[in-house]
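J.: Okay, handing you the structure first.
Since every read-out is calculated from the coordinates, none of them should be taken as a lab result. Note that the structure is a prediction, hence the values are computed from the model and not measured. We place every Cβ from the backbone using ideal geometry, glycine too, and count neighbours over all the protein chains shown.
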Amino acid sequence: MMVPDEPTFVTKPEAAELIGVSVRTLERLVATGRFPPPVRFGRQRRWVRKTLIRWIEGGCRPVRRA
């Protein structure tokens with residue numbers, strides 16, 4: 001069984017670092033539908049790394065109209 005080099009899920013600070021913005025800016029992007037929504041695990045919110053990579057590669061288009 002192979003162990004991935006990178007985690008499948010990333011935290012809010014990790015997601016913000018991945019796209020080069022502050023955590024507060026990431027929160028605004030999520031709130032306005034311009035960033036992929038997180039997956040919830042109880043009270044925790046995480047982002048799927050592959051989803052974020054695809055979003056970046058696709059030109060960072062809004063996820064929904066604000």
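J.: Out of Gly42, Gly33, Gly20, any idea which swings most in a Gaussian network model of the chain, alpha carbons joined below 10 Å?
T.: Gly42
J.: Figure the gain on full extension for Glu6 and Val39 (residue separation times 0.36 nm, minus the Cα-Cα span) and round it to one decimal in nm.
T.: 10.1 nm
J.: Within 10 Å of each residue's Cβ, count the other Cβ atoms and sort Glu57, Glu27 from fewest upward.
T.: Ordered from fewest to most neighbouring Cβ atoms within 10 Å, Glu57, Glu27 come out as Glu57, Glu27.
J.: For region 53-60, in order, what is each residue's ³J(HN,Hα) by Karplus, 6.51 cos²θ - 1.76 cosθ + 1.60 with θ = phi - 60°, in whole Hz (x at glycine and Pro)?
T.: With the stated coefficients, region 53-60 comes to 4, 4, 4, 5, 5, x, x, 6 Hz.
J.: I'd like the projected area of the chain, averaged over all directions, using the convex hull of its alpha carbons. Report it in nm² with one decimal.
T.: 5.3
J.: I would also like to ask the following. So what is the calculated 222 nm ellipticity per residue for the chain, using -39500 (n - 2.57) for each DSSP H run with n of 4 or more, over all residues, to the nearest 500 deg cm²/dmol?
T.: So the helix-based figure for the chain works out to -11000 deg cm²/dmol.
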